[in-house]
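**Student:** Can you read through this structure? Questions will come right after.
No value in this document is a laboratory result; all are computed from the given coordinates. None of these values were measured; they are calculated from a predicted model. Using ideal geometry, Cβ is built from the backbone for each residue, glycine included, and neighbour counts are taken over all protein chains shown.
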Amino acid sequence: MAHTGRADVRDVARACVQQLTEHGIAVRLLADEAADLGLADADGLVETTLPDHVPGEGCELVLVIGGDGSILRAAELTHETSTPLLGVNLGHVGFLAEAEQEDVESTIAAIVERNYTAEDRLTLDVRVKVGQDTLFSTFALNEASVEKAARERMLEVVVEVDDRPLSRWGCDGVVCATPTGSTAYNFSAGGPVVWPEVEALLMVPLSAHALFARPMVVAPTSVLAVEVLANTEGSGVLWCDGRRTVDLPPGARIEVRRGARPVRLVRLHQAPFTDRLVAKFGLPVEGWRGAAERRRRDGGDHDA
């Protein structure tokens, strides 16, 4: 899958298809993307499919060329089959991606040699209810955010954890995130960065007018709920991963729990998450001398 609206992405995607097929690996493309790449009529090892035809079924992995938005789109289209996702970043931060543009050749080699692992990432199951009726249900890899629909109107909500009310907020919205999403919208909203190995759910208020409006980390077994008060002046909207959305009428209840099906992300390297944070955010680490030098300085290294 590729963000074919950009020329550089198209070039990389065509090169990947060529290299994979030269190694005898069959490549499946979405029909519209195949047309954008000039591969719609390709013979042999290239096939096409449609988004509503379970595109990930029978595939070893999904190679995603683009940014985090492209990876979230791929997660949406392959969630039913849990096909592992391998991202090559041609976007900005690309926090979900495993490789950069200059790593394409080594990435193809890893695919050919099956020299990679896949890790499960916790997801959210999200349900919108009005009374006893379910208005909308979906999943999220990064976050489900309840937001005000009009800039000039505040959203009045009551938040709940495990069937118990926690607080009432007049706010711009509420973000419910996964550890994977802790470096996305949650991060911008002032929430904590959570290592992906930690199993937890996060809730972060957006510009809440309240005495208690702190980011919270709860157990992965907890159920979070946000109720849009029936007498609120502002209407709301639910966004899941910035892709799937539904309008929220007054009185709507949004329930968020751990997803039944994780998303699988391919890893080519076993680097610590700390290194990923430093690299993706360009964090300053000058002056760090490392464990080996500390041992030498402290006299911990001795000749046998």
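**Student:** Average projected area of the Cα convex hull of the range 107-193, in nm²? Walk me through the numbers before you get to the answer.
**Tutor:** Working: hull surface 36.0 nm².
Approximately 9.0 nm², given one-decimal rounding.
**Student:** For the range 150-205, what is the per residue volume of the convex hull drawn over the alpha-carbon atoms, in cubic angstrom?
**Tutor:** 84
**Student:** Then there is this: Could you give me the ³J(HN,Hα) list for the range 222-238, computed from phi with Karplus coefficients 6.51, -1.76, 1.60 and θ = phi - 60°, whole Hz, x at Gly and Pro?
**Tutor:** For the range 222-238, the Karplus curve yields 6, 10, 9, 9, 10, 10, 7, 4, 5, 9, 5, 7, x, 8, x, 9, 9 Hz.
**Student:** Also, quick follow-up: Please list the radius of gyration and Dmax for the range 75-138, considering alpha-carbon atoms only, with Å as the unit.
**Tutor:** Spelled out, the Cα radius of gyration and Dmax of the range 75-138 are 17.0, 54 Å.
**Student:** Once you put a point 7 Å from the Cα of LEU45 and another 7 Å from the Cα of GLN132, both along the Cβ direction, what distance in nm separates them?
**Tutor:** Result for the modelled spin labels: 5.7 nm.
**Student:** Mind pulling the per residue volume of the convex hull built on the Cα atoms of the range 20-148? Å³ is fine.
**Tutor:** Looking at the range 20-148, the number lands at 145 Å³ per residue.
**Student:** So if I take the alpha carbon set of the range 188-227, get Rg, then get Rh from the Kirkwood formula, what is the Rg over Rh ratio? Walk me through the numbers on the way to the answer.
**Tutor:** On the way: Rg = 11.2 Å, Rh = 11.4 Å.
Ratio of gyration radius to Kirkwood radius for the range 188-227: 0.98.
**Student:** Give the residue list of trypsin sites (Lys or Arg not before Pro) in the range 113-170 that are DSSP loop and have at most 11 other beta-carbon atoms within 10 angstrom.
**Tutor:** Details: sites: ARG114, ARG121, ARG127, LYS129, LYS148, ARG151, ARG153, ARG168; in loops: ARG114, ARG151, ARG153.
Taking the range 113-170 and a limit of 11 other Cβ atoms within 10 Å, the loop trypsin sites (Lys or Arg not before Pro) found are ARG114, ARG151.
**Student:** Provide the gained length on full extension for the span GLU100 to ASP275, in nm with one decimal, where the gain is 0.36 nm per separating residue minus the Cα-Cα distance.
**Tutor:** Length gained between GLU100 and ASP275: 61.5 nm.
**Student:** Under 1.5 on a/c is rounded, so check that first for the chain, then, if it is not, pick prolate when a/b is larger than b/c and oblate when it is not; a ≥ b ≥ c are the square roots of the alpha carbon gyration tensor eigenvalues.
**Tutor:** Verdict is oblate for the chain.
**Student:** Still on this structure: For the chain, what is the relative contact order in percent, using Cα pairs closer than 8 Å and at least 6 residues apart in sequence?
**Tutor:** Relative contact order, the chain: 17 percent.
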